[in-house]
């Protein structure tokens, strides 16, 4: 039997694809629900990253990184694993309190997109059960040239291999 493992690269690519496909609609739905002056938007196509960058990107931006993987057991079609995927949301605003609110809403949109959009709780077709496990408030960066505060927020998701019969 030839086994092909679906590890970090497949997960990261699937997360980026699902965010690109659904995050804009989730942001619009949250904006319509809140009906206030704060509008959140999905990042531009060029503002999704799967590795480190030398300079802080144009915001909003999303970084998707592979976290630790644990191999639990051998299934009938390969190894059963649990892999963490970290989604870093970077935003900016002229006010610290508004920046916090912008991040909270954008993180909500990210979680709803990855967890609830079709297929719900799944990635890469149905190869992985995918669920959020925690959020981590990140660093705040002081204004530089454009007088806007920048900050990051991390959402940690866990992908479980689904064993098909």
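Give the residues of region 42-58 that are surrounded by 15 or more Cβ atoms within 10 Å (Cβ to Cβ) and out of contact with any strand residue (DSSP E or B) (no Cβ under 8 Å at 6 or more places or on another chain), sorted by residue number. Please lay out each step first, then the result.
The first filter runs over region 42-58 and keeps only residues surrounded by 15 or more Cβ atoms within 10 Å (Cβ to Cβ), leaving 42-43, 47-50, 57.
Passing the criteria: only 42.
Which members of region 103-120 meet the condition of being modelled with pLDDT under 95 and more than 12 Å from residue 19 (Cβ to Cβ)?
116, 118, 119, 120
Kindly check whether there is at least one residue in region 1-13 that is crowded, with 17+ Cβ neighbours inside 10 Å, at pLDDT 90 or above and in contact with a helix residue (DSSP H, G or I) (Cβ under 6 Å, 6 or more places away or on another chain).
no
Confirm whether residue 143 is in contact with a strand residue (DSSP E or B) (Cβ under 7 Å, 6 or more places away or on another chain), part of a loop (DSSP other than H, G, I, E, B) and modelled with pLDDT under 85. Even if it seems obvious, please write down each step before you answer.
Details: in contact with a strand residue (DSSP E or B) (Cβ under 7 Å, 6 or more places away or on another chain): yes; part of a loop (DSSP other than H, G, I, E, B): yes; modelled with pLDDT under 85: yes.
When the stated conditions are applied, residue 143 passes them.
Suppose we filter region 56-78 for residues that are outside any strand (DSSP E or B) and at pLDDT 85 or above; how many remain?
First, pick out the residues of region 56-78 that are outside any strand (DSSP E or B): 56-60, 76-77.
Subset that is at pLDDT 85 or above: 59-60.
Matching residues across region 56-78 total 2.
Under 18 Å from residue 14 (Cβ atoms), under 14 Å from the mean Cα position of the chain (by Cα) and not in a strand (DSSP E or B): which single residue out of 106, 113 fits that description?
Values: 106 fails: under 18 Å from residue 14 (Cβ atoms).
So the residue among 106, 113 that is under 18 Å from residue 14 (Cβ atoms), under 14 Å from the mean Cα position of the chain (by Cα) and not in a strand (DSSP E or B) is 113.
Looking only at region 24-41, which residues are at pLDDT below 95 and surrounded by 12 or more Cβ atoms within 10 Å (Cβ to Cβ)?
38
Can you find a residue that is modelled with pLDDT of 90 or more, touching a strand residue (DSSP E or B) at 6+ places or on another chain (Cβ under 6 Å), within 21 Å of residue 20 (Cα to Cα) and not in a strand (DSSP E or B) anywhere in region 79-94?
Checked region 79-94: no residue is modelled with pLDDT of 90 or more, touching a strand residue (DSSP E or B) at 6+ places or on another chain (Cβ under 6 Å), within 21 Å of residue 20 (Cα to Cα) and not in a strand (DSSP E or B).
Check region 35-47 and report whether any residue there is without any contact (Cβ under 8 Å) to a residue 40 or more places away in the chain, outside any loop (DSSP other than H, G, I, E, B), within 20 Å of residue 112 (Cα to Cα) and in contact with a helix residue (DSSP H, G or I) (Cβ under 6 Å, 6 or more places away or on another chain). Steps first, answer last, please.
Taking region 35-47 as the starting set, the residues that turn out to be without any contact (Cβ under 8 Å) to a residue 40 or more places away in the chain are 35-37, 39, 41, 43-47.
When the remaining residues are screened for being outside any loop (DSSP other than H, G, I, E, B), the result is 45-47.
Going one step further and asking which of them are within 20 Å of residue 112 (Cα to Cα), we end up with 45, 47.
Adding the requirement that they be in contact with a helix residue (DSSP H, G or I) (Cβ under 6 Å, 6 or more places away or on another chain) leaves none.
Within region 35-47 (the criterion being without any contact (Cβ under 8 Å) to a residue 40 or more places away in the chain, outside any loop (DSSP other than H, G, I, E, B), within 20 Å of residue 112 (Cα to Cα) and in contact with a helix residue (DSSP H, G or I) (Cβ under 6 Å, 6 or more places away or on another chain)), the answer is no, since none of the residues qualifies.
The values are calculated or read from the model by the stated rules, or taken from the named source; none is laboratory data. Every value quoted in this text rests on a predicted model; they were computed, and no experiment measured them. All Cβ positions, even for glycine, are placed from backbone atoms using ideal geometry, and neighbour counts span all protein chains on display.
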